[in-house]
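Values quoted throughout were computed directly from the atomic coordinates according to the rules given, and no laboratory measurement underlies them. This one's a predicted model, so the numbers in the text were calculated from it and none came from an experiment. Ideal geometry is used to build each Cβ from the backbone, glycine not excepted, and the neighbour counts take in all protein chains shown.
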Amino acid sequence: MAKRSSLSKGLAVAFVALTLSAIAGMVTMVTMFKIQMNGINATAFPDVTTPSPTPPPIMRLPKTLEPELYDITLQTYFYSRIIEEVNVTSPNQSTLFTGNVTIHFHTVQKTDLIYLHCRDLAVTRPRLLNKDYNIGIKVKSMTQYHNQSEFLAIQLEEYLQAKMNFSLFLSFEGNMSTYLESLYVSTYTEVYPYRDYEENSDMQRYAAATHLKPTQARTLFPCFDEPELKAVFKLTLIHRAGTNALGNADKEDSELMGEWKTTRFAPTPKMSTYLFAFTVSELKSTTSPKGRVTIKTYARPEATVAGHALYAANISVKILEFYENRFEINYYPIKLDQVALPDLVSTTMENWGLITYQEESVLYQKDVSSLLHKEEVATVIAHGLAHHWFGNLVTMGWWNDVWLNEGLATYMSYFAVEHVEPSFKIKDIAVMKDLQEALRQDALSTSRPLTVLPGDIQTPSEIKEMFDTITHSKGAMLLRMLADFVGESAFNIGVKTYLKAFRGATAETKDLWQHIEAARAVKNSFTVPKVMKPWTEQQGYPVISINTTSGEIVQKQFLFNGSSTSGYWWDIPIRFVRGDSEASFVWLGVPGPVKKEEFISTKTWVLANADCQGFYRVNYNLENWQHLLEQLESSPDRIPLMNRGQLIDDAFNLARANLLNVNVALNFTLFLRNEREFIPWDSAVRNLEYFFLMFDRSQVYGLMQEYLRSQVSDLYDFFANETNASVVPKTHSLQHSQILAIKVACSSGLPECMEMVDTKFGDWIFNDTNNIHVNLRSTIYCQALAVGGQIEWNFAWDKFLSSSDSSEKDQLRHALSCTRQTWLLNRLLEYSLDPDKIRLTDVASVVNDVAENPAGQALAWNFIRAHWDYVSQG
């Protein structure tokens with residue numbers, strides 16, 4: 001015990017000396033990068049194409065018109081196959097699209113100006129019809145603004161009177177995007193046996209898809225591109241014969257005319273513009289088991305034939321039924337298409353009736369894909385399907401409340417995955433991951449409130465910035481805290497009444513709070529709107545400091561730089577446990593300090609934030625930290641599993657903020673020698689990795705490696721027999737622990753682990769048979785390349801190029817960034833500039849992986865600076 005303590009003290013000296021300078025360096029680097037990138041993007045455009053008759057609105061559309069129906073005809077000219085007869089050698093030669101739209105709308109106020117959104121489209125002179133009187137209205141001029149408003153202004157010869165109905169016809173043309181947004185082309189290779197004609201070689205194929213979230217609908221057709229302006233969409237799509245078109249709604253009919261096919265779709269439900277979608281491709285479908293809704297999952301033909309979409313097809317129907325039962329609102333319409341695209345800018349896009357996914361996030365191959373990948377597939381699908389209720393059916397009124405979509409979808413996905421895959425026991429793991437990531441991000445001085453004033457989010461770039469960890473993870477964690485203090489039953493009833501009240505419409509944060517408060521059986525002064533207002537409208541979160549000797553408790557905003565002067569405070573629900581009693585609950589409704597008798601305990605420990613239900617950190621007096629440490633070392637199961645992880649996370653982050661001696665944080669890793677559960681180990685590794693990354697070139701690095709080796713050796717030995725035999729434990733939690741044990745043991749240089757990796761990867765090289773268990777492949781690949789050289793790297797690169805399984809390619813691509821040889825890392829970065837080698841959608845992941853490798857930090861930084869235009873396209 002004394003030996004371990006002295007080692008901890010040795011590391012502590014270096015941590016204290018180096019942490020602040022390291023953090024300052026990182027902040028400076030990020031700030032410089034943002035400044036430089038803003039400079040790159042700050043291209044000046046002329047304000048208008050023609051003189052403007054009157055000053056336009058600043059950014060938002062005026063409240064004078066409301067759309068009812070978009071009747072859209074679009075023709076795509078791209079080829080799904082590049083063949084010699086059409087004399088096309090590049091998809092860029094056929095990226096034109098043309099179309100027209102008739103927008104049916106009514107007037108709310110008298111006006112002689114029509115404002116729409118439009119960007120990167122050539123639009124013809126419009127035609128306007130008064131539908132009530134069937135007479136045309138003359139157009140005086142049309143002005144397209146190329147500033148951030150992205151308006152198309154139509155000046156009329158006369159005023160449109162309020163409460164009347166009109167239709168506006170516009171023709172337009174544009175080009176498919178070279179970015180993975182708007183209407184773009186995704187490429188893939190069709191393997192020979194799955195082709196429907198005779199040429200015996202693999203061929204490149206092209207699929208067209210849309211990604212219009214958040215503000216890209218205006219690049220496809222002129223529209224009222226704001227989420228509250230919902231309308232019905234009716235699409236007619238003209239595309240190449242031999243391709244299949246999918247849309248938001250069912251197909252009404254189709255007809256062939258030579259090399260062209262016209263597909264007409266039924267009207268959609270009323271929805272926001274960003275949810276409009278279609279695809280044109282030769283992808284093949286897998287139909288889900290029979291249910292009330294017909295669900296088809298589309299993928300590359302060879303993936304479909306091999307059954308890689310079966311898992312997604314099977315769980316989708318179960319997840320959909322789970323949500324229908326939970327919310328008491330059925331999915332509508334009765335068809336749902338899911339499309340696994342080789343290229344997509346996000347893991348999923350929840351278009352109404354046509355959900356698109358990155359294919360590696362939805363395809364699963366038994367005996368090739370790992371447990372972690374299977375969990376990811378279930379989680380991504382659960383999140384995407386939850387958006388039908390949170391985002392599609394009920395939409396936030398403006399993007400400042402986008403967390404209502406993302407936070408609720410993330411939170412509900414925990415329960416859906418638990419329902420369809422109870423053996424995963426994934427909820428605790430997923431919650432801890434989201435909780436700790438949100439706490440880390442929200443402790444930066446550059447963080448932001450969960451929801452802001454609508455006027456603070458105006459431009460397309462500001463809207464995009466709202467899609468971050470705060471929106472997704474913090475939003476979900478605040479909902480979890482809310483459900484705990486109002487009760488799960490009241491929370492669920494409130495959510496159901498909220499959905500029923502606003503279905504087909506838009507809502508604000510206060511609407512959700514009011515419905516949950518109304519569902520509470522027990523009322524008190526801590527109402528939902530009152531409690532949740534500071535949690536959503538203030539930046540950051542609190543750290544509560546408890547003195548168990550005096551019972552004094554105080555709160556303040558937690559920041560890594562420790563310099564908060566905001567005066568923020570929160571109503572904090574505190575569920576706590578004492579070593580000599582059961583769980584209790586109190587409110588901290590003042591900034592403090594305030595004395596609470598419940599926290600006075602000199603002989604045993606007090607643990608606040610039991611089961612990590614609250615979104616805050618907890619600090620204690622040193623005596624209580626010591627009591628908790630003694631409990632962990634003597635009988636850790638007395639501390640709830642999630643708290644064993646969170647105690648480590650709190651201690652290390654409090655040390656980073658200079659609120660706790662780093663020696664205390666290090667001591668909370670001592671009990672891990674006897675810990676087998678994943679969550680505590682994962683918390684420790686995540687925090688230690690930060691210090692390893694910061695201090696990899698310092699004299700303390702060797703001591704850190706030695707300490708971690710000694711701590712992980714027992715965990716590695718616990719799984720050694722199974723690992724050496726390429727088998728895995730029965731429970732999912734232990735499977736997670738086994739993967740982590742190999743990662744930590746090998747990265748810290750444990751000889752037994754290094755020998756195992758060398759043997760298993762070497763056998764694959766020399767026998768060309770991969771006997772590594774699928775769960776262990778990602779970790780073993782990475783560790784083998786970390787200690788290997790050019791032979792191992794080239795072998796992995798060849799396997800990456802030849803693999804047809806998306807999850808296997810993903811694991812190999814990540815492993816290629818693990819090498820410690822900078823010239824190989826530089827080669828990988830250079831390869832990422834060639835889309836025939838590494839897909840555009842994966843470039844950002846390659847750069848991130850290289851940046852997380854100490855040997856590649858400078859390379860990644862220089863690469864981003866040199867190739868930002870290309871990297872940012874993904």
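Just flag the GluC sites (Glu not before Pro) in the stretch 251-357 sitting in loop per DSSP whose Cβ has no more than 14 other Cβ atoms within 10 Å.
Passing both the DSSP loop test and the Cβ count: Glu259, Glu328.
Calculate how large, on average over all directions, the projected area of the Cα convex hull of the stretch 395-535 is; give the answer in nm² to one decimal.
That works out to 9.3 nm².
Starting from the Cα of Arg697, step 7 Å along the direction of its Cβ; do the same at Gln790; then give the gap between the two resulting points in nm.
The modelled label-to-label distance comes out at 2.6 nm.
First measure r as the distance between the Cβ atoms of Asn770 and Ala241, then evaluate 1/(1 + (r/R0)^6) with R0 = 30 Å and state the FRET efficiency to the nearest 0.05.
The calculated FRET efficiency here is 0.10.
Computed on alpha carbon atoms, what radius of gyration and Dmax characterise the stretch 62-281, expressed in Å?
Calculated on Cα positions, Rg and Dmax stand at 19.2, 66 Å.
With point charges of +1 on the Cβ of Lys and Arg and -1 on the Cβ of Asp and Glu, referenced to the Cα centre of the chain, which listed residue (Ile765, Ile381, Gln735) lies farthest in the positive direction of the dipole?
Value: Ile381.
What FRET efficiency comes out for the pair Asp132/Ala505, r = Cβ-Cβ distance, R0 = 25 Å, nearest 0.05?
With R0 = 25 Å, the Cβ-Cβ based efficiency is 0.50.
Each residue of the stretch 435-446 in turn: what ³J(HN,Hα) in whole Hz from Karplus with 6.51, -1.76, 1.60 and θ = phi - 60°, glycine and Pro shown as x?
Whole-Hz 3J(HN,Hα) from phi for the stretch 435-446: 4, 5, 5, 5, 4, 5, 5, 7, 8, 7, 5, 8.
Could you please state, rounded to a whole Å, how far the C-alpha centre of the stretch 233-301 is from the C-alpha centre of the stretch 625-685?
53
Hey, got the dipole for the stretch 695-743? About the Cα centre, +1 on K and R Cβ, -1 on D and E Cβ, debye to the nearest 20?
That gives the stretch 695-743 a dipole magnitude of about 140 debye.
In deg cm²/dmol, rounded to 500, what helix-only [θ] at 222 nm does the chain give when every DSSP H run of at least 4 residues adds -39500 (n - 2.57) and the total is split over its residues?
Value at 222 nm, helices only, nearest 500: -13000 deg cm²/dmol.
Working from the pairwise distances between different alpha carbons, so that the mean of 1/r is found and then inverted, what is the stretch 650-776's Kirkwood radius in Å?
About 15.7 Å for the stretch 650-776.
How do Ile295, Ile329 rank when sorted from fewest to most other Cβ atoms within 10 Å of their own Cβ?
With the sparsest Cβ surroundings first, the list reads Ile329, Ile295.
Compute the FRET efficiency between Gln155 and Asn492 as 1/(1 + (r/R0)^6), taking r as their Cβ-Cβ distance and R0 = 60 Å, and round to the nearest 0.05.
The pair Gln155/Asn492 has a calculated efficiency of 0.70.
Can you compute the modelled spin-label distance between Ala162 and Lys140, with each label point 7 Å from Cα toward Cβ, in nm?
2.1
When the distances between all Cα atoms of the stretch 283-388 are binned every 5 Å from zero, what whole-number percent does each bin get?
2, 14, 26, 28, 19, 9, 3, 0
Taking other Cβ within 10 Å of each residue's Cβ, how do Ile772, Ile765, Ile58 sort, fewest first?
Ile58, Ile765, Ile772
For Thr604 and Ser803, calculate 0.36 nm times their separation in residues minus their Cα-Cα distance, and state this gained length in nm to one decimal.
Full extension of this stretch gives 65.9 nm more.
Between Val339 and residues 5 or more places away or on another chain, which pairs have amide H atoms under 5 Å apart, with H built 1.01 Å from N, and which residues are they?
Tyr298, Ile355, Thr356, Tyr357
Compute the Cα gyration tensor for the stretch 725-805, then decide on rounded, prolate or oblate, letting a ≥ b ≥ c be the square roots of its eigenvalues: rounded whenever a/c is under 1.5, prolate when a/b is larger than b/c in the other cases, and oblate in all that remain.
It is oblate, given that a/c is not under 1.5 and a/b is not larger than b/c.
Length gain on complete extension for the stretch Glu633 to Gln441, per 0.36 nm per residue less the alpha carbon to alpha carbon distance?
66.1 nm
Note the full-extension length gain between Lys425 and Arg865 as 0.36 nm times their separation in residues minus their Cα-Cα distance, in nm to one decimal.
Stretched fully, the Lys425-Arg865 segment lengthens by 154.2 nm.
With the cut-off at 1.5 for a/c, could you classify the stretch 524-563 from its C-alpha gyration tensor as rounded, prolate or oblate?
oblate
Ser545: net charge of surrounding residues, Cβ under 10 Å, Lys/Arg +1, Asp/Glu -1, itself excluded?
With Lys, Arg at +1 and Asp, Glu at -1, the net is +1.
Got a sec? How would Arg709, Arg697 order by Cβ neighbour count within 10 Å, fewest to most?
Sorted ascending by nearby Cβ count, the order is Arg697, Arg709.
Direction-averaged shadow area of the convex hull around the Cα atoms of the chain, nm²?
37.7
Can you give the relative contact order of the chain as a percent, counting alpha carbon pairs under 8 Å and 6+ residues apart?
About 8 percent, as a whole number.
How many nm is it between the label spots at Glu689 and Asn826, if each spot is 7 Å from the Cα in line with the beta carbon?
Each label point is offset 7 Å from its Cα along the Cβ direction, giving 2.7 nm.
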